[in-house]
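The values are calculated or read from the model by the stated rules, or taken from the named source; none is laboratory data. Quick caveat: nothing in here was measured; it's all calculated off a predicted structure. Neighbour counts are summed over all protein chains in view; Cβ atoms, including those assigned to glycine, are modelled from backbone coordinates with ideal geometry.
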Ligand code: C5P
């Protein structure tokens with residue numbers, strides 16, 4: 001990663017393609033990528049991805065695939081065919097699902113002589129607490145489950161994980177510095193927390209080892225989204241310099 005702004009991924013959590021287009025228009029060049037999740041993709045489909053690409057941006061397709069290995073591998077190939085920069089699967093889908101997806105996507109990219117997208121795994125949804133895991137028969141402490149699933153994803157060939165800021169250090173220790181960690185739950189010191197309960201500032205997340213920061217409302221709800229993104233990039237740059 002060359003510049004700090006490349007680490008910023010903006011969550012396009014909006015209802016319509018027009019709203020997304022407006023944000024992308026004001027932010028392309030100021031950030032590293034745009035996250036398209038289940039809401040926008042269910043509403044607009046591949047048009048949303050094409051819109052970001054047409055504006056010169058990169059896409060993190062956040063659809064969290066979790067199904068039998070063949071189905072996820074084929075879905076992953078379709079994500080790669082759209083030219084996304086990164087997409088994700090649930091680590092709880094298991095190592096066979098991840099390994100088959102990684103193999104299929106990399107083979108396809110090689111044949112097409114195109115760069116393969118980064119394949120990330122979601123370990124434990126941060127909305128899940130200890131009691132929610134126990135309900136599923138997972139009785140270890142959440143951090144242990146997260147690290148176990150991160151190792152499983154790495155061993156199955158995934159490029160990295162999506163994880164909460166407070167898990168970054170543990171994951172980097174367990175999986176190595178090259179294993180990519182993408183983290184949401186980021187709030188500049190001056191921003192509203194919204195519904196994020198254990199947020200870190202961009203600089204804190206970077207210092208903890210995050211490779212990419214997913215940021216939504218502090219930028220998308222700002223009166224001037226481009227200025228908000230530039231301020232975050234400046235905070236990251238200052239942290240890298242220190
Ligand atoms: O607006 P905000 O910065 O909170 O948006 C963060 C984005 O990251 C949203 O798209 C949200 O769904 C996603 N996310 C999150 N916390 C997680 C996992 C994903 O906020 N633990």
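Taking each residue of the range 35-51 that is more than 24 Å from residue 183 (Cα to Cα) and looking for partners that are within 15 Å of the ligand (Cβ to nearest atom) and not in a helix (DSSP H, G or I) with beta-carbon atoms closer than 8 Å, six or more apart or interchain, yields 43/15. Do the conditions hold for residue 126, that is, is it surrounded by 17 or more Cβ atoms within 10 Å (Cβ to Cβ), within 20 Å of residue 36 (Cβ to Cβ) and at pLDDT below 95? Taking the combined requirement at face value, the residue satisfies it. Residues of the range 24-39 that are touching a strand residue (DSSP E or B) at 6+ places or on another chain (Cβ under 8 Å), more than 20 Å from residue 4 (Cβ to Cβ) and outside any strand (DSSP E or B): 37, 38.
Looking across the range 111-121 at every residue that is in contact with a helix residue (DSSP H, G or I) (Cβ under 6 Å, 6 or more places away or on another chain) and in a strand (DSSP E or B), the one that is surrounded by the fewest Cβ atoms within 10 Å (Cβ to Cβ) is identified as 119. Of the strands (runs of 3 or more DSSP E) lying entirely inside the range 122-234, not one carries at least 2 residues that are more than 16 Å from the chain's Cα centre (by Cα) and more than 11 Å from the ligand (Cβ to nearest atom).
For (1) touching a strand residue (DSSP E or B) at 6+ places or on another chain (Cβ under 7 Å); (2) part of a loop (DSSP other than H, G, I, E, B); (3) within 15 Å of the ligand (Cβ to nearest atom), each residue gets a yes or a no:
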{"residue": "10", "(1), (2), (3)": "yes, no, yes"}
{"residue": "21", "(1), (2), (3)": "no, no, no"}
{"residue": "41", "(1), (2), (3)": "yes, no, yes"}
{"residue": "51", "(1), (2), (3)": "no, no, no"}
{"residue": "62", "(1), (2), (3)": "yes, no, yes"}
{"residue": "71", "(1), (2), (3)": "no, no, no"}
{"residue": "75", "(1), (2), (3)": "yes, no, no"}
{"residue": "84", "(1), (2), (3)": "yes, yes, no"}
{"residue": "87", "(1), (2), (3)": "yes, no, yes"}
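Would you call residue 74 at pLDDT 95 or above, within 17 Å of the chain's Cα centre (by Cα) and surrounded by fewer than 19 Cβ atoms within 10 Å (Cβ to Cβ)? Considered against the rule, which asks whether it is at pLDDT 95 or above, within 17 Å of the chain's Cα centre (by Cα) and surrounded by fewer than 19 Cβ atoms within 10 Å (Cβ to Cβ), residue 74 comes out as no. Residues in the range 91-110: is at least one in contact with a strand residue (DSSP E or B) (Cβ under 9 Å, 6 or more places away or on another chain), under 29 Å from residue 21 (Cβ atoms), at pLDDT 95 or above and not in a helix (DSSP H, G or I)? No, the range 91-110 contains no residue that is in contact with a strand residue (DSSP E or B) (Cβ under 9 Å, 6 or more places away or on another chain), under 29 Å from residue 21 (Cβ atoms), at pLDDT 95 or above and not in a helix (DSSP H, G or I). Quick check: is even one residue across the range 5-16 out of contact with any helix residue (DSSP H, G or I) (no Cβ under 6 Å at 6 or more places or on another chain), surrounded by fewer than 18 Cβ atoms within 10 Å (Cβ to Cβ) and under 24 Å from residue 104 (Cα atoms)? So far as the range 5-16 goes, no, none of its residues is out of contact with any helix residue (DSSP H, G or I) (no Cβ under 6 Å at 6 or more places or on another chain), surrounded by fewer than 18 Cβ atoms within 10 Å (Cβ to Cβ) and under 24 Å from residue 104 (Cα atoms). Figure legend. Inter-residue proximity from the range 112-123: first residues over 28 Å from residue 146 (Cβ atoms), second residues within 16 Å of the ligand (Cβ to nearest atom) and assigned to a strand (DSSP E or B), beta-carbon distance below 8 Å, spacing 6+ or different chains. No pairs are indicated. The single condition from (1) in contact (Cβ under 8 Å) with a residue 40 or more places away in the chain; (2) at positive phi; (3) away from the ligand (no atom under 16 Å from the Cβ) that residue 4 fails is (2).
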